[in-house]
Amino acid sequence: MLKYLVRRISATLVVLTLISMSVFLIFDVLPMDPARLTCGKACSPAVVEANRHRLGLDVPVQVQYGRWVKGLFVGRTYGEGQAQFTCPAPAFGYSFNRHECVTDLLKSAFPVTLSLAIGAFLLWLFVGVSLGIVAARFKNRWPDRASNVFVLVGTSLPTFISGILILLFVALKFGFVNPIDLGKWVSPFENPIGWLNTFIFPWITLALAYAATYTRFTRSNVIETSSEDYIRTARAKGLSEKVILRKHTLRAALAPIVTLAGLDFAGLLGGAIITEGIFNLPGLGRLSIRAVVNDYDLPIIVATTMLAATFLVVMNLLVDILYAYIDPRVRVA
Amino acid sequence: MSAFLEVKNLTVSFPTEDGLVQASNDISFSVDRGETLAVVGESGSGKSVTSLAIMGLHNRKSTNINGSAILNLESGPIDVISAPEDQVRRLRGKAMSMIFQDPMSALHPYYSIGDQLSEAWRLYNKGDKKAGHKRATEMLELVGIPDASKRVKEFPHQFSGGMRQRVMIAMALINNPSLLIADEPTTALDVTVQSQILQLLKDMQKEFNMAVILITHDLGVVAEVADRVNVMYAGKIVEQGVADGIYYKPDHPYTIGLLNSIPRVDQLEGKRLIAIPGQPPSLINLPQGCSFRKRCTFADQVADNLCATLAPSLDMKENAHFSRCHLTEKQLVAARGGK
């Protein structure tokens, strides 16, 4: 097991290194010039060059990358003389558009995204899986058909439609949310009610889309597992239908959902761009989309990409370990 | 004294969109403790359907089951066909057990062998998980799994096919059932392993004094273990009798055909095996008359075209030997090749 872990973790580190390199390279070959973008309309070539130096873009890309990696471990110092300042380790760089260390930007955006992801995740997991089980048990009867309607609505409504509908016709119309406070970050530890109020509608929006898929997936898995030979064996043993479902069918039917859920959750942790946009949530999704579309802000783009990638590969690792725990057949010797 | 299991006029049919599938029709037989009844027939002849009905493993909502199957328990007789579902469930694994054809898929892949065996034991016995595992280990030893105390902690995928079937047998017998139904227990196994499993079943039968119903399409298996035989065709019993009688003096053209199609060591080399021509009929809208007549090479010997108009009944030909055929004894002797 230890050997396996060491191997997997080193592979994970290699993947992350390759991802960060690719992001740097892509940025390097793109035709846009951040140095030109940072100064206004009437900009002399000298100022552009000075800006380029200030942004650290006047050195070859491999040197930029080296500085970035070093900053991760020891922090990074910018500017000269009086204007000198330091972003402490782990420094993902400095955003000259936002005038902030990227690490600080991440620190304030991450709790928002985490809150959004956790709540939505729990909601869709609960709704999707239980609806799927009910649909499978009542296959082709009315509960199954009703869940089918839910699935159809959930899968065919994109979040940018369902989100807006929920915001306009539920959240704002009935005064659940004050438009001025929309998306205001409240810590769940200081003001749990306010936190719930901020996130409940984004959760529903996200969960609606995911729960539909999970309902379908659970339903077909439960139905498929029910016809397995070992379920017939369980019945021949004299177990009651309740025990068969709980101990035998669900154990096998829900195992693949662990993989799906882990990766979906990790994906969300990288930021839910559309939902965060609609509900004005200052999370990672909004941070990255602004950096990409408006500011062309390399340090932020690299950092959010790296963060999203890290969540995915780490969650992948966790899911694999968890899966080995669930399914003895994939356990490593 | 009546036998342990008495099945009377058991009929199982499935309504489908194409019509009613008559999977097994008017089945009557009995098995007593210490006795092995073999049920022989090709795929779709209704062997498994009948035994699943006795175990109560059909979905009652989508299956029509008529007739009766009475278990003469010490506490009194119970008809498992008409008894409430919950009562039948409590007989499963305790009064009657079943093992299945494919041991590769019949065990839950996520639970250890010990957990699965102890689950079956704890259902009917008071005891914690530890006691269950102890009992599981004893059973594994009994069915001849070496190193049982270590292997009880292992998972199904760590066992070979033959070993898994031994595990299945151990699980079926863990609560000392009075009736064991073995549904083609050796079909999925190697030939060498087959005879080991059959021997094990025989030993276990002696050990527990069980009634055994052995479902198979392999007449070689039947010869090895059966006391009595039911030959089934198209959902009906076409011949019923003691094993020796079936082998040496078959009274139905189908049985004669089956026996002729077995390769024999003493047969002349270069001679072709005799196959039964044609296919079994569809179980939806069975033809009038004898359901075997289209494949029967002797049907034209019967007077008045009787085979096409009248379905033969299961008549006693000799002492405790029944057959569903219009042929006279003289014609049957000729059909057997003079025997």
- Message: Quick test of your reading of the structure: B:K61 fulfils all but one of (1) without any contact (Cβ under 8 Å) to a residue 12 or more places away in the chain; (2) away from chain A (no Cβ under 14 Å). Name the failing condition by number.
- Response: (2)
- State yes or no: is B:L123 more than 14 Å from chain A (Cβ to nearest Cβ) and either farther than 24 Å from B:I213 by Cα or open to solvent by 10 Å² or more (accessible area, probe 1.4 Å) (or both)? no
- Query: Which of the following residues is assigned to a helix (DSSP H, G or I), β-branched (V, I, T) and within 14 Å of chain B (Cβ to nearest Cβ): A:I231, A:I200, A:I193, A:I180?
  - Reply: A:I231
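Of all residues in the stretch A:209-228, count the ones that are surrounded by fewer than 23 Cβ atoms within 10 Å (Cβ to Cβ) and assigned to a helix (DSSP H, G or I).
Of the stretch A:209-228, the ones surrounded by fewer than 23 Cβ atoms within 10 Å (Cβ to Cβ) are A:209, A:213, A:216-217, A:220-221, A:223-228.
Next, from what is left, pick out any that are assigned to a helix (DSSP H, G or I): A:209, A:213, A:216-217, A:220-221, A:223-226.
Summing the residues that are surrounded by fewer than 23 Cβ atoms within 10 Å (Cβ to Cβ) and assigned to a helix (DSSP H, G or I) in the stretch A:209-228 gives 10.
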- Scan the stretch A:49-76 for residues that are at pLDDT 85 or above and either hydrophobic (A, V, I, L, M, F, W, C) or within 31 Å of the chain's Cα centre (by Cα) (or both) and report the count. 17
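Take B:A23 and tell me if it is open to solvent by less than 40 Å² (accessible area, probe 1.4 Å), touching a Phe, Trp or Tyr at 6+ places or on another chain (Cβ under 7 Å) and within 14 Å of chain A (Cβ to nearest Cβ).
Details: open to solvent by less than 40 Å² (accessible area, probe 1.4 Å): yes; touching a Phe, Trp or Tyr at 6+ places or on another chain (Cβ under 7 Å): yes; within 14 Å of chain A (Cβ to nearest Cβ): no.
It is false that B:A23 is open to solvent by less than 40 Å² (accessible area, probe 1.4 Å), touching a Phe, Trp or Tyr at 6+ places or on another chain (Cβ under 7 Å) and within 14 Å of chain A (Cβ to nearest Cβ).
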- Note on the structure: Restricting the stretch B:120-138 to residues that are of a type outside the set (D, E) and outside any helix (DSSP H, G or I), the one modelled with the lowest pLDDT turns out to be B:G127
- Note on the structure: How many residues of the stretch A:41-85 are open to solvent by 50 Å² or more (accessible area, probe 1.4 Å), outside any helix (DSSP H, G or I) and under 14 Å from A:S95 (Cα atoms)? The answer is 2
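For the stretch B:169-228, what are the residues that are within 22 Å of B:Y254 (Cα to Cα) and of a type in the set (D, E)? Give the steps one after another, and end with the answer.
Keep residues of the stretch B:169-228 that are within 22 Å of B:Y254 (Cα to Cα), which gives B:183-184, B:187, B:213-228.
Residues satisfying the conditions are B:D183, B:E184, B:D218, B:E224, B:D227.
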- Which pairs have Cβ atoms under 9 Å, sit 6 or more apart or on different chains, and link a residue in the stretch B:128-150 that is at negative phi to one that is of a type in the set (F, W, Y) and outside any helix (DSSP H, G or I)? B:I145/B:F159
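What do you reckon, is B:G46 more than 14 Å from chain A (Cβ to nearest Cβ), out of contact with any helix residue (DSSP H, G or I) (no Cβ under 6 Å at 6 or more places or on another chain) and buried (at least 17 other Cβ atoms within 10 Å of the Cβ)? Give the steps one after another, and end with the answer.
Working: more than 14 Å from chain A (Cβ to nearest Cβ): yes; out of contact with any helix residue (DSSP H, G or I) (no Cβ under 6 Å at 6 or more places or on another chain): yes; buried (at least 17 other Cβ atoms within 10 Å of the Cβ): yes.
Yes, satisfied.
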- Task: Take A:V243 and decide whether it is within 11 Å of another protein chain (Cβ to nearest Cβ), part of a helix (DSSP H, G or I) and within 21 Å of A:F138 (Cα to Cα).
- Result: yes
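Among the strands (runs of 3 or more DSSP E) contained in the stretch B:1-62, which hold 3 or more residues that are more than 26 Å from A:G238 (Cα to Cα)?
Values: elements: B:5-16, B:19-31, B:36-40.
Filter on the stretch B:1-62 gives B:19-31.
Which ones in the stretch B:64-77 are more than 26 Å from B:V231 (Cα to Cα) and either open to solvent by 30 Å² or more (accessible area, probe 1.4 Å) or within 14 Å of another protein chain (Cβ to nearest Cβ) (or both)?
Initial filter on the stretch B:64-77 (more than 26 Å from B:V231 (Cα to Cα)): B:73-77.
Within the stretch B:64-77, B:L73, B:E74, B:S75, B:P77 qualify.
Results for (1) aliphatic (A, V, I, L, M); (2) in a helix (DSSP H, G or I); (3) without any contact (Cβ under 8 Å) to a residue 24 or more places away in the chain; (4) in the same structural domain as A:A136 (by TED's automatic domain parsing), shown as yes or no for each residue.
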| site | (1), (2), (3), (4) |
| --- | --- |
| A:T249 | no, yes, no, yes |
| A:G262 | no, yes, no, yes |
| A:L268 | yes, yes, no, yes |
| A:R286 | no, yes, no, yes |
| A:M315 | yes, yes, no, yes |
| A:Y325 | no, yes, yes, yes |
- Sole residue being buried (at least 22 other Cβ atoms within 10 Å of the Cβ), hydrophobic (A, V, I, L, M, F, W, C) and out of contact with any Lys or Arg (no Cβ under 7 Å at 6 or more places or on another chain), chosen from A:V102, A:V134: A:V102
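Residue-wise test of (1) of a type in the set (D, E, K, R); (2) closer than 27 Å to A:L131 by Cα.
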{"site": "A:A266", "(1), (2)": "no, yes"}
{"site": "A:V293", "(1), (2)": "no, no"}
{"site": "A:T304", "(1), (2)": "no, no"}
{"site": "A:Y323", "(1), (2)": "no, yes"}
{"site": "A:R329", "(1), (2)": "yes, no"}
- Message: So in the stretch B:78-104, with the set limited to residues that are open to solvent by 30 Å² or more (accessible area, probe 1.4 Å) and facing chain A (nearest Cβ under 9 Å), which one is farthest from A:A236 (Cα to Cα)?
- Response: B:M104
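Of the residues A:A253, A:A303, A:A236, which is out of contact with any strand residue (DSSP E or B) (no Cβ under 7 Å at 6 or more places or on another chain), crowded, with 23+ Cβ neighbours inside 10 Å and within 22 Å of B:D102 (Cα to Cα)? I'd like the intermediate steps shown before the answer.
Numbers: A:A303 fails: within 22 Å of B:D102 (Cα to Cα); A:A236 fails: out of contact with any strand residue (DSSP E or B) (no Cβ under 7 Å at 6 or more places or on another chain).
None of the other options fit; the residue is A:A253.
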- Could you please give the count of residues in the stretch A:137-151 that are touching a residue at least 12 places away in the same chain (Cβ under 8 Å) and within 14 Å of A:T213 (Cα to Cα)? 4
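The values are calculated or read from the model by the stated rules, or taken from the named source; none is laboratory data. Being a predicted model, the structure only gives us computed values, none of them experimental. Using ideal geometry, Cβ is built from the backbone for each residue, glycine included, and neighbour counts are taken over all protein chains shown. Heads up: the accessible areas ignore ligands, DNA and RNA and are worked out on the full protein's heavy atoms, side chains in. Shrake-Rupley method; radii C 1.70, N 1.55, O 1.52, S 1.80 Å.
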